[in-house]
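Bear in mind these aren't lab numbers, they're just calculated from the coordinates by the rules spelled out. Predicted model only: the values in this text are computed from it and were never measured. Cβ placement follows ideal geometry from the backbone for every residue including glycine, while neighbour counts extend to all protein chains displayed.
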Amino acid sequence: MADNITPDPPSTAPLIQSDEFVIAHSFRNDGTLLPSAHAGAAESAWVWKSYGLADARARRNLETDESLPEVVREALLSPGDQYQISYEEGWLYGELPDLQHKHYGDPRELGYFRFAFNERFFISGRRHPLQSVDDVRQAILGGKVKPKSPMALFNAIFRRFLDLLKIEITKLSETLDSIEDHIVGENWQGERERLVPVRRQIVVFHRYLTAATGLFRHIDHADRRVFPEELDDLIEGLSRRAETLHAEGEQLQQRARLLQDELLAKLTDQSNRFLYVLSVMTAVLLPSTVISGLFGMNTGGLPLAESTHGFWLITALALGISGMVFLVVRKIGGGRN
């Protein structure tokens, strides 16, 4: 349902409650929003409350909400961030990864989405604005998405998160294609500076997907016997979708690793070439250096010191020995250029 979600400008659609720390929406059975004047009407099928957990008032509101089981309140108000998902007393609750909102942070950095829902309520919380949650909320306010239940809303939000990761992974794949073309075309100078941040981002996204895939796999095996059939199908579907994207991330990570290995091999080969040239120059110039050093000593008894051709004889000797050394080194080096 969230596959085609595109962010919209803020909507003026009606809300039940809109404070600095909580935004609440009421929905009919068909997934459409109720006007605020009918927030408590009988046609209200379920409610979504979104809390800004950085605000102490939001935390107090959750602490005093007796409609929530104690384990759900503890999960929503946990002081630390840790990926988790559990099912208890008819509530599916936990904490999943999300991307930070592009207008309030780095859209490729980690965020934490806390949630809990049953048949009548969907409770969400975050310390920082999250992109997937806001995209789905804007789509609901614009009438593009009509979740008929809290379960459908959870499905829309997490699928939107996977869609955003898919978009980022596609961009990273295109960047790797460009880097690969330059490496194969021998125009690889400077590509290491491009490859390092790309590989780092791939590792981060792969970590997100590994955590999400592991959580869904764990709860699917641990609690599926107590799941309602519809929830079991939802968890299984999201797990498969996350695993598919996880496999793509692994392939991309492998590509980045291979490109880095190839680039390091080229850098090593270039360094070896420079060292070879330096070694040849050192070996060739060493005899001349020794000879010039011996004949440059300011002492008596030096041969050819009184000869008018002494300089040219010593020069010829030094050049001859250097030439011989060059031929020997080149033969040892197998004719390497």
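Summary table
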| read-out | value |
| --- | --- |
| Gaussian network model of the chain, springs between alpha carbon atoms under 10 Å - residue of Phe113, Phe326, Phe27 with greatest fluctuation | Phe326 |
| Among Ala54, Ala283, Ala247: highest mean-square fluctuation, GNM of the chain, C-alpha pairs under 10 Å | Ala283 |
| For the chain: relative contact order, % (alpha-carbon pairs under 8 angstrom, 6 or more apart) | 14 percent |
| Simple Cβ-charge dipole of the chain, Lys/Arg +1 and Asp/Glu -1, about Cα centre, in debye nearest 20 | 1080 debye |
| Fewest-first sequence of Val184, Val284 by Cβ atoms within 10 Å of each Cβ | Val184, Val284 |
| Options Ala45, Phe205, Phe311, ranked by Cα towards positive dipole end of the chain, top entry (Cβ charges) | Phe311 |
| Most mobile of Met297, Met151, Met324 in a GNM of the chain (Cα contacts under 10 Å) | Met297 |
| Computed label-point distance, nm, for sites Leu304 and Arg330 using a 7 Å Cα→Cβ extension | 2.4 nm |
| Equivalent ellipsoid dimensions for region 273-332 as semi-axes, Å, which come from the Cα gyration tensor, largest first | 28, 12, 7 |
| Nitroxide proxy distance, nm - points 7 Å out along Cα→Cβ at Thr315 and Ala247 | 7.5 nm |
| Long pairs among Lys144/Lys166; Lys146/Lys171; Lys102/Lys171; Lys102/Lys144; Lys49/Lys144, criterion Cα-Cα beyond 23 Å | Lys146/Lys171 |
| Pairwise FRET efficiency - Ser178 versus Ala283, Cβ, R0 = 51 Å, nearest 0.05 | 0.75 |
| Alpha-carbon Debye profile of the chain, log10 I(q)/I(0) at 0.08, 0.13 Å⁻¹ | -0.54, -1.01 |
| Ser322, Ser271 arranged by Cβ crowding within 10 Å, fewest neighbours leading | Ser271, Ser322 |
| MRE, 222 nm, helices only [DSSP H, n ≥ 4, -39500 (n - 2.57), over the chain, to nearest 500] | -19500 deg cm²/dmol |
